[in-house]
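One structure below.
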Amino acid sequence: MLSLAHELKKTNPKCKIIYIGQKGEKVEGLQGRYQVFDEVRTVSAGKFRRYHGQGLVAHLTDVRTLYLNSRDFFKVLRGLHQAEKLIKAIKPDVVFSKGGYVAVPVGLAARLMRVPIITHDSDTVPGLANRIVGRWAAVHATGMPEEYYSYPSGKVVYTGIPVDERIKLVTEGLQKSYKKNLGLPAEAPLLLAAGGGQGAQQINDLMLSAVPNLLAANPKLRVIHIVGIGLAGQMSEQQIKDAYLKELSGDDYARVTTLTFTGDFYEYSGAADLIITRAGATAMSEFALQAKACIVIPSSALAGGHQLKNAQVLVQKNAAKVLPADASSEQLFKAANDLLKNAQDRQKIAKNLSSTAMPQAAQMLAGIILETAEKD
């Protein structure tokens, strides 16, 4: 969102951009690096909980989920009322929906006020919010080629996914520069693992099991493990550090760095020789621009199974080493060790992933939004 907002201002400095978030969302940092949003507003929104692979009977007998969904239905109604008042006051020329819970009340209000809607889906499976409001969209921008979507073909524009403008193709020289900035030896291979901003307990567990063997098999290897902020039930960064300390000797422990989160993730991914990640579309778009070799472990628990579909696309293009959602530490060790020892294989999947990059995504989307606003 920030990269798109920045591009909109760059293309038309006079355009006014208002971010509408969900009540309770932490929006204080949104203006941070770019100071790009003219206003930040919030409305109520509710979540419709459904779980990939859950059958109809299980869904109907899941009392807690049914209660929460019923409760959040009224949040959506309240949010719709708030969004209507907001749209009337703002009088926008266009509403852009990236999806998410808040897009439903805002999108419905835009429809009632006859404001043009543009949706954007990063994943191969459109999110529920965009499927709801998208029936009235003027344009469906997509992160993947048109054939992966069931939207009306005349309204689909394949733009790719806008990412941080600091992300670019990583040359050998730039990679060494990133490693120097991170205090790493230029000649040391770097394995980076990250399960997303909130972390992924499965990846954290797999890393704790596989890293000791990977360090033993690769004497110069350095590991950076970004553990995420940790949701309820997940291990904290300190617990993961303690677990590594218990399993590793002093010298090997010094070759492992753990972080909770970083605002400069592009430097870490740029420095990496191999990345272990989920199958999130935005992250994979970033790695594609950087031309990085990745081991992908998709999450099977997310609604719609969109990461599983994203992973299927990567397999079709041989653009990553994809492991099953229930991968074992032995499978991760073998995949990582094989790629760390074979630069040619890493370069092959990195090149294939790079071929999917859409570096002009933000420019294309900004153009579509401004053109639609001018038509109105």
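Since every read-out is calculated from the coordinates, none of them should be taken as a lab result. What you see is a predicted model; the values in this text were computed from it and never measured. For neighbour counting, all protein chains shown are included, and Cβ atoms are generated from backbone atoms with ideal geometry for every residue, glycine included.
Tabulated values for the structure
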{"quantity": "DSSP beta bridge pairing in the range 172-354, given as percent antiparallel to the nearest 5", "calculated": "0"}
{"quantity": "Tilt relative to the chain, helix 2-11 - C-alpha long axis, 0 to 90 degrees, to 10", "calculated": "60"}
{"quantity": "Kirkwood hydrodynamic radius over Cα pairs of the range 172-354, then Stokes diffusion coefficient at 20 °C and 1.002 mPa s, in µm²/s", "calculated": "132"}
{"quantity": "Cβ-derived FRET efficiency at R0 35 Å, residue 131 paired with residue 317, nearest 0.05", "calculated": "0.85"}
{"quantity": "DSSP bridge orientation in the chain - percent antiparallel, rounded to nearest 5", "calculated": "0"}
{"quantity": "Rounded tilt (10° steps) of 329-340 against the dominant C-alpha axis of the chain", "calculated": "80"}
{"quantity": "Integer Hz, Karplus 6.51/-1.76/1.60 couplings in order for the range 161-168, x for Gly and Pro", "calculated": "10, x, 10, 3, 5, 6, 7, 8"}
{"quantity": "5 angstrom amide H check on residue 20, placed H, neighbours 5+ away", "calculated": "41"}
{"quantity": "Alpha carbon centroid spacing (whole Å) that separates the range 117-180 from the range 318-359", "calculated": "22"}
{"quantity": "Helix-only [θ]222 nm of the chain, DSSP H runs n ≥ 4, -39500 (n - 2.57) each, per residue, nearest 500", "calculated": "-13500 deg cm²/dmol"}
{"quantity": "Derived scalar couplings ³J(HN,Hα) [the range 108-125; Karplus, 6.51 cos²θ - 1.76 cosθ + 1.60; whole Hz; x for Gly, Pro]", "calculated": "5, 5, 4, 4, 4, 8, 6, 9, x, 10, 10, 9, 9, 10, 7, 7, 5, 9"}
{"quantity": "Fully extended contour minus Cα-Cα distance, from residue 355 to residue 239, at 0.36 nm per residue", "calculated": "37.9 nm"}
{"quantity": "Square roots of 5 times each gyration tensor eigenvalue, C-alpha, the range 67-167, largest first, Å", "calculated": "24, 16, 14"}
{"quantity": "Spin-label proximity, residue 11 to the range 119-140 - amide N less than 20 Å from point 7 Å beyond Cα toward beta carbon", "calculated": "119-123, 137-140"}
{"quantity": "Per DSSP, loop trypsin sites (Lys or Arg not before Pro) in the range 166-228 with at most 16 further Cβ within 10 Å", "calculated": "166, 168, 220"}
{"quantity": "Those GluC sites (Glu not before Pro) in the range 179-274 that DSSP places in a loop and that have at most 16 other beta carbons within 10 Å", "calculated": "187"}
{"quantity": "Spacing of the two label points (7 Å from each Cα toward its C-beta) at residue 150 and residue 166, in nm", "calculated": "4.0"}
